[in-house]
Amino acid sequence: MTEKERYASAREIYAKAGVDTDAAIAKLKEVPVSLHCWQGDDVTGFDHDGPLTGGIQTTGNYPGKARTPQELMQDIEQVIRLAPGKKKLNLHASYAVFEKGESADRDKIEPKHFAAWAEFAKAHHMGIDFNPTFFSHDRIKDGLTLSSPDEETRRFWINHGKACIRISEYFAKETGMPCVMNIWTGDGAKDIPADRLGPRERYKAAIEEIISQPHDPKLVKPCVESKVFGIGVESYTTGSSEFALSFAASHEGCLPLMDNGHYHPTEMVSDKIPALLAFFPEIALHITRPVRWDSDHVVLFDDETKEMAKEIVRNHALERVYMALDYFDASINRICAWTVGFRSWQKALLSAMLTPHEQLKKLQDEAKWTELMVRQEEMKMLPFGDVWNEYCIQCGTSEDGWFAEALRYEKEVLAKRG
Ligand code: RNT
Ligand code: ZN
(Lines give C-alpha, C1' and ligand atoms only; values in the text may rest on other atoms or scores of the structure.)
(Ligands and ions follow the chains in the order given, each with its own letter.)
Protein backbone atom coordinates (compact mmCIF):
# COMPACT_ATOMS: atom_id res chain seq x y z
CA MET A 1 0.00 0.00 0.00
CA THR A 2 1.20 3.50 -0.71
CA GLU A 3 1.17 6.14 2.03
CA LYS A 4 -1.89 7.70 0.41
CA GLU A 5 -3.75 4.40 0.43
CA ARG A 6 -2.79 3.78 4.02
CA TYR A 7 -4.12 7.17 5.02
CA ALA A 8 -7.36 6.60 3.06
CA SER A 9 -7.85 3.33 4.90
CA ALA A 10 -7.07 4.85 8.31
CA ARG A 11 -9.45 7.69 7.60
CA GLU A 12 -12.25 5.20 7.02
CA ILE A 13 -11.47 3.22 10.15
CA TYR A 14 -11.49 6.40 12.27
CA ALA A 15 -14.68 7.61 10.58
CA LYS A 16 -16.38 4.41 11.75
CA ALA A 17 -15.29 5.28 15.29
CA GLY A 18 -16.85 8.73 14.85
CA VAL A 19 -13.62 10.65 14.21
CA ASP A 20 -12.82 13.01 11.32
CA THR A 21 -9.08 12.64 10.66
CA ASP A 22 -8.93 15.46 8.07
CA ALA A 23 -10.42 17.87 10.59
CA ALA A 24 -7.95 16.75 13.26
CA ILE A 25 -4.99 17.28 10.94
CA ALA A 26 -6.21 20.71 9.89
CA LYS A 27 -6.77 21.72 13.50
CA LEU A 28 -3.40 20.57 14.79
CA LYS A 29 -1.60 22.65 12.16
CA GLU A 30 -2.99 25.79 13.83
CA VAL A 31 -2.04 25.03 17.44
CA PRO A 32 1.12 26.82 18.59
CA VAL A 33 3.55 24.97 20.85
CA SER A 34 6.46 26.79 22.41
CA LEU A 35 9.89 25.46 21.50
CA HIS A 36 12.40 26.17 24.28
CA CYS A 37 15.68 27.64 23.08
CA TRP A 38 17.59 26.20 26.05
CA GLN A 39 17.74 22.59 24.80
CA GLY A 40 20.35 23.77 22.30
CA ASP A 41 23.03 24.91 24.73
CA ASP A 42 22.30 23.12 28.02
CA VAL A 43 20.63 26.24 29.53
CA THR A 44 23.88 28.21 29.33
CA GLY A 45 22.71 31.46 27.68
CA PHE A 46 24.94 34.23 26.40
CA ASP A 47 25.14 36.72 29.26
CA HIS A 48 27.47 35.01 31.75
CA ASP A 49 30.36 32.57 32.03
CA GLY A 50 29.41 30.95 35.30
CA PRO A 51 27.79 27.58 36.01
CA LEU A 52 24.10 26.66 35.77
CA THR A 53 22.58 27.33 39.21
CA GLY A 54 19.12 27.48 40.78
CA GLY A 55 18.85 23.79 41.59
CA ILE A 56 18.58 22.64 37.97
CA GLN A 57 21.15 20.54 36.19
CA THR A 58 22.02 19.25 32.76
CA THR A 59 23.95 16.02 32.55
CA GLY A 60 26.06 14.80 29.66
CA ASN A 61 28.60 16.29 27.33
CA TYR A 62 27.49 15.33 23.84
CA PRO A 63 29.47 17.26 21.23
CA GLY A 64 27.99 20.02 19.10
CA LYS A 65 26.45 22.36 21.66
CA ALA A 66 25.51 25.80 20.28
CA ARG A 67 27.99 28.43 21.49
CA THR A 68 26.71 31.61 19.90
CA PRO A 69 23.33 33.14 19.04
CA GLN A 70 24.02 32.35 15.37
CA GLU A 71 24.66 28.67 16.11
CA LEU A 72 21.60 28.44 18.33
CA MET A 73 19.40 30.02 15.67
CA GLN A 74 20.83 27.72 13.02
CA ASP A 75 20.02 24.71 15.22
CA ILE A 76 16.49 25.94 15.94
CA GLU A 77 15.94 26.29 12.20
CA GLN A 78 16.97 22.69 11.79
CA VAL A 79 14.46 21.59 14.44
CA ILE A 80 11.74 23.65 12.77
CA ARG A 81 12.40 21.70 9.58
CA LEU A 82 12.42 18.31 11.26
CA ALA A 83 9.36 18.66 13.47
CA PRO A 84 5.87 19.21 12.06
CA GLY A 85 3.50 21.79 13.50
CA LYS A 86 3.20 25.41 14.46
CA LYS A 87 5.98 26.70 16.68
CA LYS A 88 6.37 29.55 19.06
CA LEU A 89 9.85 30.40 20.36
CA ASN A 90 10.54 30.27 24.10
CA LEU A 91 13.44 32.46 25.24
CA HIS A 92 15.16 33.19 28.53
CA ALA A 93 16.52 36.62 29.44
CA SER A 94 20.00 35.09 29.62
CA TYR A 95 19.87 34.75 25.82
CA ALA A 96 20.20 38.50 25.22
CA VAL A 97 22.25 39.23 22.12
CA PHE A 98 24.71 42.04 22.73
CA GLU A 99 26.56 43.98 20.04
CA LYS A 100 30.35 43.97 20.22
CA GLY A 101 31.48 45.90 23.29
CA GLU A 102 27.90 46.28 24.55
CA SER A 103 26.56 44.73 27.76
CA ALA A 104 23.76 45.24 30.24
CA ASP A 105 23.16 43.51 33.52
CA ARG A 106 19.87 41.68 33.95
CA ASP A 107 18.18 44.59 35.71
CA LYS A 108 19.03 46.84 32.76
CA ILE A 109 18.19 44.73 29.71
CA GLU A 110 16.06 46.33 27.05
CA PRO A 111 14.07 45.27 24.00
CA LYS A 112 16.98 46.18 21.74
CA HIS A 113 19.03 43.37 23.26
CA PHE A 114 16.46 40.96 21.88
CA ALA A 115 15.94 42.53 18.47
CA ALA A 116 17.85 39.71 16.77
CA TRP A 117 15.42 37.19 18.29
CA ALA A 118 12.40 39.22 17.26
CA GLU A 119 13.69 39.29 13.68
CA PHE A 120 14.40 35.58 13.80
CA ALA A 121 10.92 34.78 15.12
CA LYS A 122 9.23 36.99 12.54
CA ALA A 123 11.18 35.37 9.72
CA HIS A 124 9.73 32.04 10.84
CA HIS A 125 6.22 33.35 11.61
CA MET A 126 6.62 32.51 15.26
CA GLY A 127 5.37 34.26 18.36
CA ILE A 128 7.71 34.46 21.35
CA ASP A 129 7.34 33.46 24.99
CA PHE A 130 9.76 34.85 27.53
CA ASN A 131 11.31 34.05 30.90
CA PRO A 132 13.18 36.30 33.26
CA THR A 133 16.31 34.38 34.30
CA PHE A 134 16.56 34.19 38.08
CA PHE A 135 19.46 31.70 38.07
CA SER A 136 23.08 31.44 36.92
CA HIS A 137 24.03 34.92 38.07
CA ASP A 138 26.24 36.47 40.76
CA ARG A 139 23.46 38.64 42.22
CA ILE A 140 21.80 35.53 43.66
CA LYS A 141 22.49 35.85 47.39
CA ASP A 142 22.61 32.73 49.54
CA GLY A 143 20.52 30.94 46.94
CA LEU A 144 17.78 33.58 46.97
CA THR A 145 16.48 36.18 44.51
CA LEU A 146 12.95 37.57 44.85
CA SER A 147 12.55 36.16 48.35
CA SER A 148 15.92 37.31 49.67
CA PRO A 149 15.89 39.16 53.02
CA ASP A 150 18.45 41.52 51.47
CA GLU A 151 16.62 44.56 50.10
CA GLU A 152 19.21 45.32 47.42
CA THR A 153 19.20 41.79 46.11
CA ARG A 154 15.44 41.76 45.93
CA ARG A 155 15.43 45.14 44.21
CA PHE A 156 17.87 43.92 41.56
CA TRP A 157 15.67 40.92 40.72
CA ILE A 158 12.43 42.90 40.83
CA ASN A 159 13.96 45.29 38.32
CA HIS A 160 14.94 42.31 36.22
CA GLY A 161 11.34 41.07 36.24
CA LYS A 162 10.04 44.49 35.27
CA ALA A 163 12.54 44.79 32.44
CA CYS A 164 11.28 41.42 31.22
CA ILE A 165 7.66 42.62 31.18
CA ARG A 166 8.77 45.46 28.89
CA ILE A 167 10.64 43.05 26.67
CA SER A 168 7.65 40.66 26.61
CA GLU A 169 5.39 43.46 25.45
CA TYR A 170 7.90 44.37 22.76
CA PHE A 171 7.91 40.74 21.55
CA ALA A 172 4.11 40.65 21.46
CA LYS A 173 3.95 43.86 19.46
CA GLU A 174 6.65 42.73 17.06
CA THR A 175 5.20 39.29 16.39
CA GLY A 176 1.50 40.10 16.74
CA MET A 177 1.07 37.22 19.20
CA PRO A 178 0.74 37.37 22.99
CA CYS A 179 3.89 36.70 25.01
CA VAL A 180 3.64 34.34 27.96
CA MET A 181 6.11 35.55 30.59
CA ASN A 182 6.97 32.93 33.15
CA ILE A 183 8.37 33.66 36.59
CA TRP A 184 10.31 30.79 38.09
CA THR A 185 13.02 31.06 40.72
CA GLY A 186 15.05 28.38 42.45
CA ASP A 187 14.62 30.19 45.79
CA GLY A 188 14.56 27.83 48.73
CA ALA A 189 16.64 26.10 51.37
CA LYS A 190 18.82 23.02 51.51
CA ASP A 191 18.01 22.32 55.11
CA ILE A 192 15.13 22.81 57.49
CA PRO A 193 14.26 26.51 57.58
CA ALA A 194 13.42 28.50 60.68
CA ASP A 195 11.02 30.69 58.74
CA ARG A 196 8.82 29.44 55.94
CA LEU A 197 6.41 32.36 55.82
CA GLY A 198 8.83 35.30 55.67
CA PRO A 199 10.38 34.33 52.32
CA ARG A 200 6.94 33.68 50.86
CA GLU A 201 5.67 37.08 51.96
CA ARG A 202 8.69 38.71 50.35
CA TYR A 203 8.24 36.59 47.22
CA LYS A 204 4.58 37.57 47.00
CA ALA A 205 5.32 41.28 47.33
CA ALA A 206 8.15 41.03 44.79
CA ILE A 207 6.02 39.33 42.13
CA GLU A 208 3.28 41.88 42.79
CA GLU A 209 5.79 44.61 42.06
CA ILE A 210 6.96 42.94 38.89
CA ILE A 211 3.47 42.57 37.47
CA SER A 212 2.63 46.13 38.48
CA GLN A 213 4.91 47.17 35.61
CA PRO A 214 2.31 48.56 33.19
CA HIS A 215 1.46 46.15 30.38
CA ASP A 216 -1.42 45.21 28.13
CA PRO A 217 -2.90 42.00 29.59
CA LYS A 218 -3.86 40.88 26.11
CA LEU A 219 -0.22 41.07 25.03
CA VAL A 220 1.69 39.95 28.11
CA LYS A 221 0.62 36.92 30.15
CA PRO A 222 2.62 36.74 33.38
CA CYS A 223 2.76 33.25 34.93
CA VAL A 224 4.08 31.81 38.18
CA GLU A 225 5.68 28.38 38.02
CA SER A 226 5.77 26.28 41.16
CA LYS A 227 8.21 23.57 42.13
CA VAL A 228 8.58 20.95 44.81
CA PHE A 229 12.37 20.94 45.23
CA GLY A 230 15.66 21.45 43.43
CA ILE A 231 19.18 20.05 43.67
CA GLY A 232 20.77 21.53 46.80
CA VAL A 233 17.38 23.07 47.69
CA GLU A 234 15.70 19.97 49.05
CA SER A 235 14.01 21.08 52.24
CA TYR A 236 12.04 24.15 51.31
CA THR A 237 10.88 25.84 48.10
CA THR A 238 9.54 29.36 48.38
CA GLY A 239 7.43 29.09 45.24
CA SER A 240 5.65 25.87 46.18
CA SER A 241 2.53 24.62 44.44
CA GLU A 242 0.14 26.14 46.98
CA PHE A 243 2.02 29.42 46.82
CA ALA A 244 1.90 29.67 43.02
CA LEU A 245 -1.72 28.59 42.71
CA SER A 246 -2.88 30.96 45.41
CA PHE A 247 -0.89 33.79 43.89
CA ALA A 248 -2.37 33.26 40.42
CA ALA A 249 -5.87 32.81 41.83
CA SER A 250 -5.70 36.09 43.71
CA HIS A 251 -4.03 38.23 41.01
CA GLU A 252 -6.06 38.92 37.94
CA GLY A 253 -4.20 38.35 34.69
CA CYS A 254 -1.59 36.13 36.32
CA LEU A 255 -1.59 32.50 35.19
CA PRO A 256 -0.52 29.40 37.11
CA LEU A 257 2.15 27.43 35.27
CA MET A 258 2.47 23.72 35.95
CA ASP A 259 5.66 21.92 34.99
CA ASN A 260 4.99 18.18 35.10
CA GLY A 261 8.45 17.59 36.55
CA HIS A 262 7.66 19.69 39.60
CA TYR A 263 5.50 17.32 41.63
CA HIS A 264 5.92 14.13 43.58
CA PRO A 265 6.33 11.22 41.16
CA THR A 266 2.83 9.82 41.66
CA GLU A 267 1.10 13.17 41.26
CA MET A 268 -0.27 13.60 37.74
CA VAL A 269 -0.43 16.95 36.00
CA SER A 270 -3.01 15.46 33.62
CA ASP A 271 -5.43 15.39 36.55
CA LYS A 272 -4.45 18.88 37.68
CA ILE A 273 -5.21 20.46 34.29
CA PRO A 274 -9.01 20.09 34.51
CA ALA A 275 -8.91 21.06 38.18
CA LEU A 276 -7.37 24.40 37.22
CA LEU A 277 -9.57 24.82 34.15
CA ALA A 278 -12.55 24.86 36.49
CA PHE A 279 -11.21 28.08 38.01
CA PHE A 280 -8.76 29.85 35.71
CA PRO A 281 -9.61 31.37 32.33
CA GLU A 282 -6.11 30.53 31.14
CA ILE A 283 -3.26 28.35 32.40
CA ALA A 284 0.23 27.47 31.20
CA LEU A 285 2.24 24.25 31.05
CA HIS A 286 5.84 23.18 30.91
CA ILE A 287 5.95 19.77 29.30
CA THR A 288 8.84 17.56 30.31
CA ARG A 289 9.59 13.96 31.32
CA PRO A 290 10.60 13.50 34.92
CA VAL A 291 12.40 10.24 35.62
CA ARG A 292 12.22 9.75 39.41
CA TRP A 293 12.77 13.49 39.90
CA ASP A 294 12.70 16.70 37.82
CA SER A 295 15.30 15.17 35.52
CA ASP A 296 14.05 16.95 32.38
CA HIS A 297 14.39 13.98 30.05
CA VAL A 298 13.18 14.33 26.45
CA VAL A 299 9.38 14.22 26.16
CA LEU A 300 8.16 10.91 24.68
CA PHE A 301 4.83 9.71 23.34
CA ASP A 302 4.10 7.98 26.64
CA ASP A 303 0.95 7.50 28.67
CA GLU A 304 1.09 10.59 30.87
CA THR A 305 2.03 12.81 27.93
CA LYS A 306 -1.02 11.48 26.05
CA GLU A 307 -3.21 11.96 29.08
CA MET A 308 -2.16 15.60 29.47
CA ALA A 309 -2.94 16.30 25.81
CA LYS A 310 -6.32 14.60 26.20
CA GLU A 311 -7.26 16.88 29.07
CA ILE A 312 -6.58 19.94 26.95
CA VAL A 313 -8.27 18.71 23.78
CA ARG A 314 -11.36 17.08 25.25
CA ASN A 315 -12.10 20.10 27.40
CA HIS A 316 -11.90 22.38 24.36
CA ALA A 317 -9.11 24.24 26.08
CA LEU A 318 -6.52 24.57 23.30
CA GLU A 319 -6.96 28.32 23.41
CA ARG A 320 -6.84 28.48 27.19
CA VAL A 321 -3.70 26.44 27.78
CA TYR A 322 -0.30 27.82 26.76
CA MET A 323 1.88 24.83 26.02
CA ALA A 324 5.66 24.97 26.21
CA LEU A 325 8.32 22.29 26.19
CA ASP A 326 10.87 22.40 29.00
CA TYR A 327 13.61 19.79 29.15
CA PHE A 328 17.33 19.64 28.55
CA ASP A 329 19.34 16.56 27.76
CA ALA A 330 23.05 17.09 27.10
CA SER A 331 23.85 13.39 26.80
CA ILE A 332 22.48 12.85 23.29
CA ASN A 333 22.33 14.72 19.97
CA ARG A 334 20.60 17.95 21.03
CA ILE A 335 18.80 18.45 17.72
CA CYS A 336 17.30 14.97 18.03
CA ALA A 337 16.38 15.60 21.67
CA TRP A 338 14.56 18.77 20.66
CA THR A 339 12.90 17.14 17.66
CA VAL A 340 11.73 14.00 19.43
CA GLY A 341 10.23 16.06 22.25
CA PHE A 342 8.39 18.37 19.90
CA ARG A 343 7.18 15.49 17.74
CA SER A 344 6.03 13.59 20.83
CA TRP A 345 3.83 16.42 22.02
CA GLN A 346 2.44 16.80 18.50
CA LYS A 347 1.64 13.08 18.48
CA ALA A 348 -0.06 13.39 21.86
CA LEU A 349 -2.21 16.27 20.61
CA LEU A 350 -3.09 14.47 17.38
CA SER A 351 -3.92 11.28 19.24
CA ALA A 352 -6.22 13.28 21.55
CA MET A 353 -7.87 14.89 18.54
CA LEU A 354 -8.49 11.42 17.11
CA THR A 355 -10.49 10.28 20.11
CA PRO A 356 -14.32 10.38 20.15
CA HIS A 357 -14.48 12.20 23.47
CA GLU A 358 -18.18 13.03 23.41
CA GLN A 359 -19.11 9.35 23.01
CA LEU A 360 -16.75 8.35 25.79
CA LYS A 361 -17.98 11.05 28.16
CA LYS A 362 -21.54 9.86 27.56
CA LEU A 363 -20.57 6.35 28.60
CA GLN A 364 -19.09 7.76 31.80
CA ASP A 365 -22.20 9.81 32.55
CA GLU A 366 -24.34 6.74 32.02
CA ALA A 367 -22.01 4.84 34.36
CA LYS A 368 -21.24 2.32 31.62
CA TRP A 369 -17.75 1.76 32.96
CA THR A 370 -17.31 -1.68 31.39
CA GLU A 371 -18.02 -0.35 27.91
CA LEU A 372 -15.93 2.73 28.56
CA MET A 373 -12.95 0.55 29.40
CA VAL A 374 -13.49 -1.63 26.33
CA ARG A 375 -13.87 1.36 23.97
CA GLN A 376 -10.83 3.12 25.38
CA GLU A 377 -8.76 -0.01 24.84
CA GLU A 378 -10.08 -0.35 21.28
CA MET A 379 -9.02 3.19 20.46
CA LYS A 380 -5.43 2.25 21.19
CA MET A 381 -5.42 -0.21 18.28
CA LEU A 382 -6.59 2.17 15.55
CA PRO A 383 -4.02 3.01 12.86
CA PHE A 384 -2.75 6.19 14.47
CA GLY A 385 0.63 5.90 12.71
CA ASP A 386 -0.94 6.29 9.27
CA VAL A 387 -2.71 9.51 10.26
CA TRP A 388 0.46 10.83 11.92
CA ASN A 389 2.40 10.07 8.77
CA GLU A 390 -0.12 11.98 6.66
CA TYR A 391 0.15 14.93 9.06
CA CYS A 392 3.95 14.88 8.75
CA ILE A 393 3.76 14.77 4.95
CA GLN A 394 1.32 17.68 4.86
CA CYS A 395 3.71 19.63 7.10
CA GLY A 396 6.64 18.91 4.79
CA THR A 397 8.48 16.47 7.02
CA SER A 398 8.35 12.72 7.43
CA GLU A 399 8.49 10.10 10.13
CA ASP A 400 11.16 7.98 8.47
CA GLY A 401 13.30 10.70 6.92
CA TRP A 402 13.95 13.20 9.69
CA PHE A 403 16.52 11.17 11.59
CA ALA A 404 18.78 10.69 8.56
CA GLU A 405 18.60 14.44 7.98
CA ALA A 406 19.49 15.07 11.64
CA LEU A 407 22.51 12.79 11.28
CA ARG A 408 23.63 14.63 8.16
CA TYR A 409 23.40 17.90 10.10
CA GLU A 410 25.39 16.38 12.93
CA LYS A 411 28.16 15.36 10.56
CA GLU A 412 28.24 18.54 8.50
CA VAL A 413 27.55 21.17 11.14
CA LEU A 414 27.64 20.01 14.77
CA ALA A 415 30.77 17.85 14.49
CA LYS A 416 32.72 20.85 13.21
CA ARG A 417 32.08 22.86 16.37
CA GLY A 418 35.04 22.85 18.73
C1 RNT B 1 13.19 24.60 36.50
C2 RNT B 1 11.98 25.09 35.77
C3 RNT B 1 12.21 26.18 34.78
C4 RNT B 1 13.43 25.97 33.92
C5 RNT B 1 13.53 26.85 32.71
C6 RNT B 1 14.88 26.85 32.12
O7 RNT B 1 12.96 23.51 37.26
O8 RNT B 1 11.33 24.02 35.17
O9 RNT B 1 11.07 26.34 34.03
O10 RNT B 1 13.51 24.64 33.47
O11 RNT B 1 13.05 28.10 33.00
ZN1 ZN C 1 9.70 24.49 33.91
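The values are calculated or read from the model by the stated rules, or taken from the named source; none is laboratory data. Since the structure is predicted, the reported quantities are computational estimates derived from the model, not experimental observations. Note that we place each Cβ from the backbone using ideal geometry, even for glycine, and neighbour counts take in every protein chain shown. Only protein heavy atoms, including side chains, enter the accessible area calculation; ligands, DNA and RNA are left aside. Shrake-Rupley method; radii C 1.70, N 1.55, O 1.52, S 1.80 Å.
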Computed [θ] at 222 nm, deg cm²/dmol, the chain (DSSP H ≥ 4; -39,500 (n - 2.57); rounded to nearest 500): -13500 deg cm²/dmol
Could you tell me which of the pairs Lys86/Lys221; Lys86/Lys108; Lys108/Lys411; Lys227/Lys361; Lys4/Lys86; Lys141/Lys218 are separated by over 29 angstrom between their Cα atoms in the structure shown? Lys86/Lys108; Lys108/Lys411; Lys227/Lys361; Lys141/Lys218
If the cut-off is 15 Å between C-alpha atoms, which aspartates and glutamates fall inside it for Lys368, apart from same-chain ones fewer than 8 positions away? Glu358, Glu377
Pop out the carbon and sulfur fraction of the accessible area of the chain as a percent, whole number, probe 1.4 Å. 53 percent
With every protein chain present, what is the per residue accessible area of segment 118-190 (1.4 Å probe, Å²)? 35 Å²
Between Ala275 and Val374, what is the label-point separation in nm under the 7 Å Cα-to-beta-carbon projection? 3.3 nm
Listed by chain and number, the residues whose amide H is under 5 Å from that of Lys87, excluding neighbours fewer than 5 places away on the same chain and using placed H, are Val33
If you find the alpha carbon centre of segment 366-404 and of segment 48-93, how far apart are they in angstrom? 30 Å
Given the chain, longest segment not containing exposed loop trypsin sites (Lys or Arg not before Pro) (DSSP; at most 10 other Cβ within 10 Å): 101-217
Under a straight-distance cross-link criterion of Cα-Cα below 15 Å, which aspartates and glutamates are reachable from Lys416, leaving out those fewer than 8 residues away in the same chain? Glu71, Asp75
Have a look at Gly198, Gly161, Gly45 and tell me which one the Gaussian network model of the chain (Cα, springs below 10 Å) gives the largest fluctuation. Gly198
Would you calculate the separation in nanometres between label points at Glu110 and Lys173, each defined as 7 Å from the Cα along the Cα-to-beta-carbon direction? 1.3 nm
The chain: most fluctuating residue of Met381, Met268, Met181 per GNM, C-alpha cutoff 10 Å: Met381
Calculated FRET value between Phe98 and Asp22, using beta carbons and R₀ = 51 Å, to 0.05: 0.60
